[in-house]
Amino acid sequence: MTTIDAYPRAATVDAPVDAPADAPVPAARARRRRRAPSWAVRSLSPLALLVLWQVGSQTGVITEQVLPAPRVILAAAGETYRDGSLLAALQVSTTRVAIGFALGGSIGLVLGVLVGGSRILDHVVDPPLQMIRTIPFLGLIPLFIAWFGIGETPKIALVALGVSFPLYLNTSAAIRQVDPKLLETAQVLRFSPWQRITVVVVPSALPQVLVGLRQSLGIAWLSLIVAEQVNADSGLGYIINNARDALRTDIVVFGLLLYALLGLTTDGVVRVLERWAVRWRPEAAR
């Protein structure tokens, strides 16, 4: 009499039983190790523009009256460095940006958290903030001078004003877009209010808040350019104004490029912070 097993045998597999499920991971990690650093890849396009600029200047496509050649800009940079004005201007301008960013960023972050977490505050606080946000910077300069004088305060105030709105908008939107199911799960698990903020709200909102941080740093330098064009007796804007009066286009272009490099540097710092802070997201490894 033929007997039949009560439990069928498992199908045999040629592959080893103890083969790791994540076998492709080492290969992927090896590819990432062979990949060029992101900063090197991102520097290719600026270098290509620099080469095109130099070629256009040498061939006469770009005239000195329109845009001085890179070697002329480099000579102007050396001139401002040797007379000591460059380092002094950098110190003054970065101090203005740092103070304005600290003030405006704190205000924008706090308002974003309050408005994003309260529907009532959204209806009450958001409309006047949106009205202020649409006022051009140049229109505020006479008013700021009347309020704060012609010293450092109006310049820092303009930077703080420009910085606050990107952080406010991104923070409030990020908090409103937190998945309600995650909040319900935290309530079921009886999380304390502090746990809900640190475990659910902050990780969910952090990526968009960091986007607002990048935008705020960019606008900080744009605001500084506007602020230092009016009644400035120090800083990069002061050097640019003096060069404009002396018809030194090379120094003017160098000052503008320096603004751009400072903005690019601060943006790169935030990008590094972003990759570390949201390292659990797949796109953070790119």
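Read-outs throughout are calculated quantities, based only on the coordinates presented, and are distinct from any laboratory measurement. A quick note: this is a predicted structure, and the numbers were derived from the prediction, not measured. FYI the Cβ positions are ideal-geometry reconstructions off the backbone, even for glycines, and counts take in every protein chain you see.
Would you mind checking which residues have amide H under 5 Å from Gln229's amide H? H placed 1.01 Å from N; only 5 or more apart, or other chain.
Long-range HN contacts for Gln229: none found.
Going by a ≥ b ≥ c, the root eigenvalues of the Cα gyration tensor, does segment 90-135 fall in the rounded group (a/c under 1.5), the prolate group (a/b larger than b/c) or the oblate group? All intermediate terms of the calculation are to be shown ahead of the outcome.
Working: a/c = 6.19, a/b = 2.20, b/c = 2.82.
Cα axes put segment 90-135 in the oblate bin.
Give the relative contact order (percent, whole number) for segment 72-285; include only Cα pairs under 8 Å separated by 6+ residues.
It rounds to 28 percent for segment 72-285.
What is the distance in Å between the Cα centres of segment 129-202 and segment 91-118?
Cα centroid of segment 129-202 versus Cα centroid of segment 91-118: 8 Å apart.
Counting other C-beta atoms within 10 Å, and keeping those with at most 15, which DSSP coil chymotrypsin sites (Phe, Trp or Tyr not before Pro) do you find in segment 185-268?
Values: sites: Phe191, Trp194, Trp221, Tyr238, Phe254, Tyr259; in loops: Phe191.
Filter output for segment 185-268: empty list.
If eta is 0.692 mPa s and T is 37 °C, what Stokes-Einstein diffusion coefficient results for segment 72-285, Kirkwood Rh from Cα pairs, in µm²/s?
Diffusion coefficient, whole number: 171 µm²/s.
Ranked by Cβ crowding within 10 angstrom, fewest neighbours first, how are Thr95, Thr171 ordered? It would help to have the intermediate numbers written out before the result.
Details: Thr95 13, Thr171 24.
Ranked by crowding around the Cβ, least crowded first: Thr95, Thr171.
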